[in-house]
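The values are calculated or read from the model by the stated rules, or taken from the named source; none is laboratory data. Predicted model only: the values in this text are computed from it and were never measured. Heads up, the Cβs are rebuilt from the backbone with ideal geometry, glycines too, and the neighbour counts pull from every protein chain shown. Surface accessibility is based on the protein's heavy atoms, side chains included, excluding ligands, DNA and RNA. Shrake-Rupley method; radii C 1.70, N 1.55, O 1.52, S 1.80 Å.
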Amino acid sequence: MMPPLKFPLTGSSARMIVLGIETSCDETGIALYSSESGLLAEVLYSQIDLHQKYGGVVPELASRDHIRKTLPLIREVMAKAHLKGADINGIAYTAGPGLSGALLVGAAIARSLGMTWNIPTIGVHHMEGHLLAPQLEKNAPQFPFVALLVSGGHTQLVAVEGIGRYKVIGESLDDAAGEAFDKVAKMLGLPYPGGPHVAKLAQKGTPGRFVFPRPMTNRPGLDFSFSGLKTFTLNTVQEHTKDIVIDEQTKADIAHAFQEAVVATMVIKCRRAFKATGMKTLVIAGGVSANTRLREELSIMAASEKGELYYPQLKYCTDNGAMIAYAGCQRLMAGQSDDLGFYALPRWNLESLPAL
Ligand code: KG4
Ligand code: ZN
């Protein structure tokens, strides 16, 4: 177990340019964020092609590819912004949660550059990055708000009072929503990562042909569970598979029923989260927040509760360096930074982060 992050006060800064490095999974995301001018430049390299033939992320391949890509991409982003090392005031990297080898690559590079350039470095919580991604938009949400974080590794409802003031009020007891999308994609013979493929196929589905269960909605509480829905989906696929094939319309109908069940479940839980917290602003972030049906239905729900829904633009829903640069910049500006160690925390509790 790695030691918890320390954030010794280094004195707050009036303005900063921060290099953000995201290497927690299968995307190398690099960005430069200025506290004065916003995003200066960003690059993203996706490893999807590398992992697709294995049907999911192969951790060792992910780490090796981050090693190959991170430094060249940092050079590229600096060239795009016409900046040199001396222009950069701080470095933010994803310290967790994520794949340990992949995290270590970003941590080692961030820490080494921080020492070389003699500037502070900070390990950012990946889910805080997602949670704050909507702040990159012109129309950014104001605190406090309820955040629905829905990614490949996490499904959490968080009451957010401010940066670092997080209370997890609900979470998945088993699979994350994105993981469920990815597994259902596999059942339907769709490529990795499955979420966007299931969503696309679902558009051709016949509404009402199948109705799948809405897990954990008929008892109180804000937790989620997707493993039963996943099994229900698998059983439906198997029932309709004749001579090893399943017809295309049935596949689309199953994708549709699955997506509707996930979306309806989230609508019910988010409405409950409004009631439980008294908050009226909902933020959705993480890869699954790219889902159009989820956005549509949650915005209807928010409006019906006289509230508002916020989400990042599509490229900031999935993993990226901009959200890490932004989150790190807020903490560095407040005088927080790491000691000289570097940290990779595959598991890391969002609630343990220090408040600003
Ligand atoms: O946030 P993210 O890029 O990585 C993690 O932190 O895990 O989320 C990736 C997840 C994958 O499971 C992917 O299938 C899902 O987000 N995803 C979607 C959509 N786009 C990405 N799920 C449903 N609908 C989408 N349009
Ligand atoms: Zn993510």
| request: Could you rank the peptides 326-332, 106-112, 299-305 by their average count of other C-beta atoms within 10 Å per residue, with the highest value first? | output: 326-332, 106-112, 299-305
| message | With a 1.4 Å probe and all protein chains left in place, how much of the accessible area of region 144-247 comes from carbon and sulfur atoms, in whole percent? | response | 54 percent
| Principal semi-axes in Å for the chain [√(5λ), Cα gyration tensor, largest first] | 36, 24, 17
| field | Most positive-pole-ward Cα, 96, 81, 125, against dipole of region 51-167 from beta carbon charges | value | 81
| remark: Of the convex hull drawn through the C-alpha atoms of region 178-236, the volume per residue in Å³ is 96 Å³
| message | Just to compare against my own numbers: the Cα pair-distance distribution for region 5-154, 10 Å bins, whole % per bin, please. | response | 10, 39, 37, 13, 1
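Students often get this wrong, so check it: of 230/251; 251/275; 167/269, which have C-alpha atoms separated by over 25 Å?
Where the Cα-Cα span goes over 25 Å, the pairs concerned are 251/275.
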| said: At 0.692 mPa s and 37 °C, plugging the Kirkwood radius over alpha-carbon pairs of region 42-105 into Stokes-Einstein gives what diffusion coefficient in µm²/s? | reply: 246 µm²/s
| query | Put a dot 7 Å past each Cα toward the Cβ at residue 53 and residue 315; how far apart are the dots in nm? | reply | 3.0 nm
| task | Calculate, for the chain, the solvent-accessible area per residue in square angstrom, rolling a 1.4 angstrom probe over the heavy atoms of the protein chains. | result | 43 Å²
| request: Relative to the longest principal axis of the C-alpha atoms of the chain, give the angle of the C-alpha long axis of helix 227-239, reported between 0 and 90° and rounded to the nearest 10°. | output: 50 degrees
| note | Full extension between residue 186 and residue 167 adds, at 0.36 nm per residue less the Cα distance, a length in nm of 3.5 nm
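Charges only on Cβ, +1 for Lys and Arg, -1 for Asp and Glu: so what's the dipole of region 63-206 about the Cα centre, in debye to the nearest 20? All intermediate terms of the calculation are to be shown ahead of the outcome.
Values: 14 positive and 11 negative charges, 100 e Å.
In total the dipole reaches around 480 debye.
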| task | Please report, in Å, the Rg and the Dmax of region 126-178, where both are computed over Cα atoms only. | result | 11.2, 35
| Which FRET efficiency value, to the nearest 0.05, do you get for residue 79 and residue 219 by plugging their Cβ-Cβ distance into 1/(1 + (r/R0)^6) with R0 = 56 Å? | 0.50
| note | Hits in region 201-215: amide N under 11 Å from the 7 Å Cα→Cβ extension of residue 249, namely 206
| task | Assign unit charges at the C-beta atoms only (+1 for Lys and Arg, -1 for Asp and Glu), then state the dipole size of region 259-319 relative to its Cα centre in Debye, rounded to the nearest 20. | result | 200 debye
| Solvent-accessible ranking of 45, 93, largest area first, probe 1.4 Å | 45, 93
| message | So if I restrict to the alpha-carbon atoms in region 294-356, what is the Rg, and what is Dmax, the biggest pairwise distance, in Å? | response | 16.5, 50
| request: Report, in debye and to the nearest 20, how large the dipole of the chain comes out about its Cα centre when Lys and Arg carry +1 and Asp and Glu carry -1 on their Cβ. | output: 380 debye
| request: Would you mind listing how long region 101-230 runs along its three principal axes, going by Cα atoms, in whole Å with the largest first? | output: 61, 35, 31
| field | Anchor residue 200: aspartates and glutamates whose Cα lies under 12 Å away (excluding residues fewer than 8 positions away in-chain) | value | 253
